[in-house]
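Laboratory data are not the source of any read-out in this text; all were calculated from the coordinates shown. Because the structure is a prediction, the values reported are computed rather than measured. Here Cβ is always computed from backbone atoms with ideal geometry, including for glycine, and neighbour counts include all displayed protein chains.
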Amino acid sequence: MEQTIIHHMETVRSITEQTLKKIPEEISDTIPKGFNNNIRWNFGHIAFIQEKLVFGLLGEEMKIPRDYERLFSAGTKPAEWDETPPSFDEIAEILTEQKARIKNFIPGRFHDKLSTPFTNRMGITFYTVGEVLLFSFYHEALHIETIKRLYRTISSY
């Protein structure tokens, strides 16, 4: 079963990587009416949250740039950025490298307990590595759908 879950993680991330390649970076900072964030923020948010869920909650070293938390954590907004965000190429590299690290890190750890249960913004509490990993697939898919809606909205201008 672990191999099936890891394969699913790779599939979800591959969809994210392919979506990133298809979107022109020059439109990625547009925030259409009715949206809080832009395409770049959503891709960076996927990378930051995955890192936090899989590594951070276990007390492992988070191997993404420190500015990702300031730029892409829940509740942040591009309108509040006072620094240059990473390029699509940089985000793509993080997403690809992260996928490989998770694939190497996660086997045999699905049932490991988190040192402290984690309750997300929706009020759902997670107790194990497997629970947060599985939730991360849902989270990533939600943001890919948001990216697609942003792209369709921007493209219709």
In degrees rounded to 10, the 0-90 angle between helix 39-54 Cα long axis and the longest Cα principal axis of the chain is 10 degrees
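What's the ranking of 77-85, 27-35, 145-153 by average number of surrounding C-beta atoms within 10 Å, highest first?
Details: 77-85: 11.9, 27-35: 14.1, 145-153: 16.6.
Listed from highest to lowest mean packing, they are 145-153, 27-35, 77-85.
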In whole angstrom, the spacing between the Cα centers of the range 1-55 and the range 99-115 equals 20 Å
Summing +1 per Lys or Arg and -1 per Asp or Glu among the other residues with Cβ less than 10 Å from Gln98's Cβ gives +2
D (µm²/s, integer) via Stokes-Einstein for the chain, Kirkwood Rh across alpha-carbon pairs, 10 °C, 1.306 mPa s: value 98 µm²/s
Rounded to the nearest 10, the angle in degrees between the Cα long axis of helix 88-105 and the longest principal axis of the Cα atoms of the chain comes to 10 degrees
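Counting other C-beta atoms within 10 Å, which of Met62, Met122 has the fewest, and how do the rest follow? All intermediate terms of the calculation are to be shown ahead of the outcome.
On the way: Met62 15, Met122 6.
Exposure proxy ranking, most exposed first: Met122, Met62.
Summing Lys, Arg as +1 and Asp, Glu as -1, what charge do residues with Cβ under 12 Å from the Cβ of Arg70 carry, Arg70 excluded?
On the way: positive: Arg66, Lys77; negative: Asp67, Glu69, Glu80, Asp82, Glu83.
The answer is -3.
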Taking Cα atoms, the helix 129-155 axis meets the longest principal axis of the chain at an angle in degrees (rounded to 10) of 10 degrees
Each label sits 7 Å from Cα toward the beta-carbon; between Trp81 and Glu25 the label points are separated, in nm, by 1.2 nm
Across the chain, qualifying lysine pairs (alpha carbons under 21 Å, at least 8 places apart or different chains) come out at 15
Amide H neighbours of Asp112 at under 5 Å, excluding residues fewer than 5 places away on the same chain, with H built from the backbone geometry, are Val129, Gly130
Around Asp89 (Cβ within 13 Å, Cβ-to-Cβ, excluding Asp89; K/R +1, D/E -1) the net charge comes to -3
Residues of the range 1-31 with backbone N under 19 Å of the label point set 7 Å from the Cα of Glu93 along Cα→Cβ are 17-18, 20-22, 25-26
